[in-house]
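*Asks:* Structure incoming, see below.
The values are calculated or read from the model by the stated rules, or taken from the named source; none is laboratory data. This one's a predicted model, so the numbers in the text were calculated from it and none came from an experiment. Cβ: placed from backbone, ideal geometry, glycine included. Neighbour counts: every protein chain shown. Keep in mind that these areas ignore ligands, DNA and RNA; they rest on the heavy atoms of the full protein, side chains included. Shrake-Rupley method; radii C 1.70, N 1.55, O 1.52, S 1.80 Å.
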Amino acid sequence: MLIRAGYNISFMTHQPTPMLAALSVHPTRNRDLRTAQRIMTDPDIPLYDYIDIFGNICSRLTLPAGSTTISCGFVIEDPFTPDIVAADAQQLPIEQLPDDVLLYLLASRYCETDRLSEIAWSLFGGKPKGWSLVQDIVSFVHEWISFDYGKAHPGKSAWDAYQQREGVCRDYAHLAITLCRCMNVPARYCTGYMGDMDLPALVGDMDFSAWFEAYIGGHWYVFDARHIRPRRGRILMARGRDATDAALTTSFGTAILTRFDIYTDEDRLGHLKS
């Protein structure tokens with residue numbers, strides 16, 4: 001399937017403000033792009049890209065005083081198959097985990113394993129390990145948290161989400177990641193596009209989405225505690241320990257968000273005909 005995706009995001013600043021943006025498709029999806037992917041700004045300002053320690057494409061730019069719009073649009077080819085289910089995948093002992101995976105067992109800014117470890121073991125300590133354990137965690141988080149855009153807050157952590165039982169997709173991801181790490185399952189945060197094309201009806205305004213990946217049986221697998229069932233059409237943008245590492249924009253100064261339009265839909269006519 002060809003998917004048309006992109007965004008128009010605007011900020012208001014009172015003085016020149018440096019910004020770091022992870023607003024590109026993840027390099028692992030570059031070969032799937034069927035049109036150019038160019039980040040544009042209005043007014044036109046210089047930016048340059050680099051690859052961070054998690055393999056994400058990051059753009060550096062400085063917003064001038066006043067209003068700035070950042071936009072991008074592209075067409076990408078996607079198999080549009082459901083997230084892989086590997087029910088027989090086994091959990092590896094910690095001593096057998098690759099060195100670069102161990103990082104995803106540790107506490108991070110939004111994933112306080114120290115505060116949730118006792119709770120995690122009381123809930124899941126008697127469960128079989130492996131795929132079914134992660135699925136039990138996903139099911140618990142899905143039922144525990146009520147989705148509410150009004151409860152979104154950039155400072156909310158996994159502990160906060162557990163206590164408040166309300167939040168948005170990043171809160172589902174943070175809590176599930178933390179519970180997985182507490183149970184010695186490496187888990188990492190993911191963000192990107194995921195439209196409503198595989199659903200029978202629209203579920204709300206289009207937004208970027210957050211999910212997570214767990215390392216089981218020697219592979220990383222996608223899990224989604226908000227939607228719980230395998231979804232189709234994910235377009236990864238960034239990964240990391242939590243939302244700190246995969247923040248779509250980070251401003252070094254005050255930048256007020258004034259516009260946030262995201263779109264993801266099937267390119268029915270085909271990009272070559274447009």
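*Asks:* May I ask for the net charge around residue 211, where only other residues with Cβ less than 9 Å from the Cβ of residue 211 are counted and Lys, Arg are +1 while Asp, Glu are -1?
*Replies:* Spelling it out: positives minus negatives among the neighbours equals 0.
*Asks:* Sort 26, 14 by accessible area with a 1.4 Å probe, largest first.
*Replies:* So the residues, ranked largest to smallest area, are 14, 26.
*Asks:* Determine the gain in length on full extension of the stretch residue 12-residue 80; use 0.36 nm per residue of separation and subtract their C-alpha separation, reporting nm with one decimal.
*Replies:* 20.8 nm
*Asks:* Subtract the Cα-Cα distance of residue 248 and residue 152 from 0.36 nm times their separation in residues, and report this length gain in nm to one decimal.
*Replies:* So the chain would gain 33.0 nm between residue 248 and residue 152.
*Asks:* So, one more: Of the beta bridges DSSP finds with both residues in segment 110-218, what % are antiparallel, to the nearest 5?
*Replies:* Of the beta bridges lying entirely in segment 110-218, close to 75 percent run antiparallel.
*Asks:* Another question about this same structure. Apply the a/c threshold of 1.5 to the C-alpha gyration tensor of the chain and tell me whether it is rounded, prolate or oblate.
*Replies:* Note, shape of the chain comes out prolate.
*Asks:* So how strong a dipole does the chain carry about its Cα centre when Lys and Arg Cβ are +1 and Asp and Glu Cβ are -1, to the nearest 20 debye?
*Replies:* 160
*Asks:* Add +1 for every Lys or Arg and -1 for every Asp or Glu among the other residues with Cβ under 15 Å from the Cβ of residue 67, and state the total.
*Replies:* -2
*Asks:* Report in % the part of the accessible area of segment 27-113 that belongs to carbon and sulfur, leaving out ligands and nucleic acids; probe 1.4 Å.
*Replies:* After summing per-atom areas, the C and S share lands at 54 percent.
*Asks:* For 198, 44, write out the residues from largest to smallest accessible area, computed with a 1.4 angstrom probe and no ligands counted.
*Replies:* Descending accessible area places them as 44, 198.
*Asks:* Over segment 156-215, what is the relative contact order in whole percent, taking alpha-carbon pairs under 8 Å and six or more residues apart?
*Replies:* It rounds to 35 percent for segment 156-215.
*Asks:* Something else about it: When the accessible area of segment 139-214 is computed with all protein chains present and a 1.4 Å probe, what percentage of it is carbon and sulfur?
*Replies:* Percent of accessible area from carbon and sulfur atoms in segment 139-214: 49.
*Asks:* Ok, one more. Counting heavy atoms of the protein chains only and a 1.4 Å probe, report the per residue accessible area for the chain as a whole number of Å².
*Replies:* 48
*Asks:* Give me the net charge for the shell around residue 157: Cβ to Cβ below 9 angstrom, other residues only, Lys and Arg +1, Asp and Glu -1.
*Replies:* The answer is -1.
*Asks:* With springs only between Cα atoms under 10 Å, which of 234, 188, 29 fluctuates most in a Gaussian network model of the chain?
*Replies:* Comparing 234, 188, 29 in the GNM, the peak value goes to 29.
*Asks:* Pairs of Cα atoms under 8 Å, at least six residues apart: use those to get the relative contact order of the chain, whole percent.
*Replies:* Relative contact order here is 30 percent.
*Asks:* Setting aside same-chain residues fewer than 8 positions from residue 129, which aspartates and glutamates have a Cα under 19 Å from its Cα?
*Replies:* Reachable aspartates and glutamates: 88, 95, 118, 213, 224.
*Asks:* Here's something else I'd like to know. Give me the Kirkwood hydrodynamic radius of segment 135-274 in Å, from all C-alpha pairs, to one decimal place?
*Replies:* 16.1
*Asks:* Please get the size of the charge dipole for segment 71-150, origin at its Cα centre, with Cβ charges of +1 on Lys and Arg and -1 on Asp and Glu, quoted in debye to the nearest 20.
*Replies:* Rounded to the nearest 20 debye, it is 220 debye.
*Asks:* Oh, and also: Please work out how much accessible surface residue 254 shows to a 1.4 Å probe, ignoring ligands, DNA and RNA, in Å² rounded to 10.
*Replies:* Looks like 100 Å² after rounding.
*Asks:* For segment 118-274, with only Lys/Arg (+1) and Asp/Glu (-1) charged at the beta-carbon, what is the dipole magnitude about the Cα centre, in debye rounded to 20?
*Replies:* With only Lys, Arg, Asp and Glu charged at Cβ, the dipole is about 380 debye.
*Asks:* Next up: FRET efficiency for residue 196 and residue 65, Cβ-Cβ distance as r, R0 = 51 Å, nearest 0.05?
*Replies:* My answer for the efficiency is 0.85.
*Asks:* Quick one: compute the contact order of segment 111-185, relative version, from alpha carbon pairs under 8 angstrom and 6+ residues apart, as a percent.
*Replies:* Rounded, it is 46 percent for segment 111-185.
*Asks:* Next question, about the same structure. Could you tell me the calculated FRET efficiency between residue 260 and residue 115, based on Cβ-Cβ distance and R0 = 41 angstrom, to the nearest 0.05?
*Replies:* Efficiency, rounded to the nearest 0.05: 0.85.
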